[in-house]
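Take a look at the structure set out below.
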Amino acid sequence: MKAFKFVNKQSLKEFQALPDKVQIRFANDLNAICQGKAPFSKYKHLKESVGIGAIELIENGKPAYRLIYVAKFNDIVYILHSFTKTTNGVDRQAMDTAKKRYKLMKQMLTA
């Protein structure tokens, strides 16, 4: 059984700023992932833009929401970034934030 953890306080604040129904949806996805199951939401791998093992949960709509996590380290699912998607295509700023937090997570694991 895995657990999930926010990589820093800001990643928790971002998650808490999402609408309640989106938080519940993503929390259900994360619980499924912790149990070794696939998430209920659509998802895509972000190996190239963020790092190995990084995955983006996708909740489309107006507005659309995203949550980026890494599920491969020490039986912990690390939540890197949650955000409201405001652009069509890749949100470069969100990917940069996720990439920085990916590095932070790796530093935490090797400390």
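The values are calculated or read from the model by the stated rules, or taken from the named source; none is laboratory data. Please read all numbers here as calculations on a predicted model, not as lab measurements. Glycine also receives a Cβ, built like all others from the backbone with ideal geometry; neighbour counts cover every protein chain displayed. Note: accessible area is taken over every heavy atom of the protein model, side chains too, but ligands, DNA and RNA are not part of it. Shrake-Rupley method; radii C 1.70, N 1.55, O 1.52, S 1.80 Å.
On average, how much accessible surface per residue is there in the chain, in Å², for a 1.4 Å probe, leaving out ligands, DNA and RNA?
Working: 6660 Å² over 111 residues.
Solvent-accessible surface per residue comes out at 60 Å².
How would you order 61-70, 40-49 from highest to lowest mean count of nearby Cβ atoms within 10 Å? Don't jump to the answer; show the numbers that get you there.
Numbers: 61-70: 19.3, 40-49: 14.3.
Highest-to-lowest ranking by the protection proxy: 61-70, 40-49.
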*Taking only the alpha-carbon positions of the chain and ignoring solvent, what does the Debye formula give for the base-10 log of I(q)/I(0) at q = 0.09, 0.10 Å⁻¹?*
-0.20, -0.24
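Where both partners of a DSSP beta bridge lie in the chain, what percent of those bridges are antiparallel, to the nearest 5?
Details: 18 of 22 bridges.
Counting DSSP beta bridges with both partners in the chain, the antiparallel share is about 80 percent.
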*What nm distance separates the two modelled labels at Leu12 and Lys62, each placed 7 Å from Cα along Cα→Cβ?*
3.6 nm
*R0 of 30 Å, Cβ-Cβ distance Gln93-Gln35: FRET efficiency to nearest 0.05*: 0.40
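I'd like the carbon and sulfur percentage of the solvent accessible area for the chain, probe radius 1.4 Å, heavy atoms only, ligands and nucleic acids excluded.
That share works out to 52 percent.
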